Amino acid sequence: MRKIRHAYDAIYTDAIVVAKGEVVVVQKRETKPEWAGWVWCILANGKSGWISENYLKINGVAGILLKDYDAREASVKTGEQVKVLQIESGWAWIRKADLSEGWIPVENLEPTN
């Protein structure tokens, strides 16, 4: 379990969910250096969001999902305890006490010893 050192409010409340094999349009976007590895993608239905390059096979502006992906973010409060399930390019996929899951910036977690 890890403790939240800084609260985080989910920014993208209508997150994209993409299945393995789906094709997206990739638009590289500037982001914070510690979040390098994320690209802004547009789905066939017009929805858009951030996807880790590690989830994609990119060829020009087309990307094919190599595995299922959920861009849902989690809102957390300072002092809250969470379980970190995955870390990806400066973001952590976490599970909260209520069993909800989502992404938060790693910088919002207390450092490990």
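The values are calculated or read from the model by the stated rules, or taken from the named source; none is laboratory data. None of these values were measured; they are calculated from a predicted model. Here Cβ is always computed from backbone atoms with ideal geometry, including for glycine, and neighbour counts include all displayed protein chains.
From the set of residues in the range 8-42 that are in a loop (DSSP other than H, G, I, E, B) and in contact with an Asp or Glu (Cβ under 7 Å, 6 or more places away or on another chain), which is nearest to residue 65 (Cα to Cα)?
Per the stated criteria, the residue is 20.
Looking at 80, 101, can you tell me which residue is in contact with a Phe, Trp or Tyr (Cβ under 9 Å, 6 or more places away or on another chain) and either surrounded by 14 or more Cβ atoms within 10 Å (Cβ to Cβ) or without any contact (Cβ under 8 Å) to a residue 40 or more places away in the chain (or both)?
Exactly one residue qualifies, and that residue is 101.
Which residues, counting only those in the range 70-87, are of a type outside the set (A, V, I, L, M, F, W, C) and part of a loop (DSSP other than H, G, I, E, B)?
Within the range 70-87, 72, 75, 77, 78, 79, 80 qualify.
So how many residues does the range 55-72 have that are free of Cβ contacts under 8 Å to residues at least 40 places away in the same chain and under 22 Å from residue 33 (Cβ atoms)?
Residues in the range 55-72 being free of Cβ contacts under 8 Å to residues at least 40 places away in the same chain and under 22 Å from residue 33 (Cβ atoms): 3 in total.
Among the listed residues 3, 67, 57, which satisfies the condition of being in a strand (DSSP E or B), under 24 Å from residue 99 (Cβ atoms) and modelled with pLDDT of 95 or more?
Among 3, 67, 57, only 3 is in a strand (DSSP E or B), under 24 Å from residue 99 (Cβ atoms) and modelled with pLDDT of 95 or more.
Based on this model, can you work out whether residue 11 counts as hydrophobic (A, V, I, L, M, F, W, C) and surrounded by 12 or more Cβ atoms within 10 Å (Cβ to Cβ)?
In short, no.
Please determine whether any residue of the range 30-41 is among the hydrophobic types (A, V, I, L, M, F, W, C), surrounded by 12 or more Cβ atoms within 10 Å (Cβ to Cβ) and more than 15 Å from residue 12 (Cβ to Cβ).
Checked the range 30-41: no residue is among the hydrophobic types (A, V, I, L, M, F, W, C), surrounded by 12 or more Cβ atoms within 10 Å (Cβ to Cβ) and more than 15 Å from residue 12 (Cβ to Cβ).
In this structure, does residue 75 turn out to be polar (S, T, N, Q) and touching a residue at least 40 places away in the same chain (Cβ under 8 Å)?
yes
Select from the range 14-23 the residues that are more than 16 Å from the chain's Cα centre (by Cα) and of a type outside the set (D, E, K, R) and write down the one among them that is surrounded by the most Cβ atoms within 10 Å (Cβ to Cβ).
23
Kindly establish whether residue 87 is modelled with pLDDT of 95 or more and surrounded by 15 or more Cβ atoms within 10 Å (Cβ to Cβ).
no
Does at least one position in the range 88-106 carry a residue that is in a helix (DSSP H, G or I) and of a type in the set (Val, Ile, Thr)?
Yes, the range 88-106 contains at least one residue that is in a helix (DSSP H, G or I) and of a type in the set (Val, Ile, Thr).
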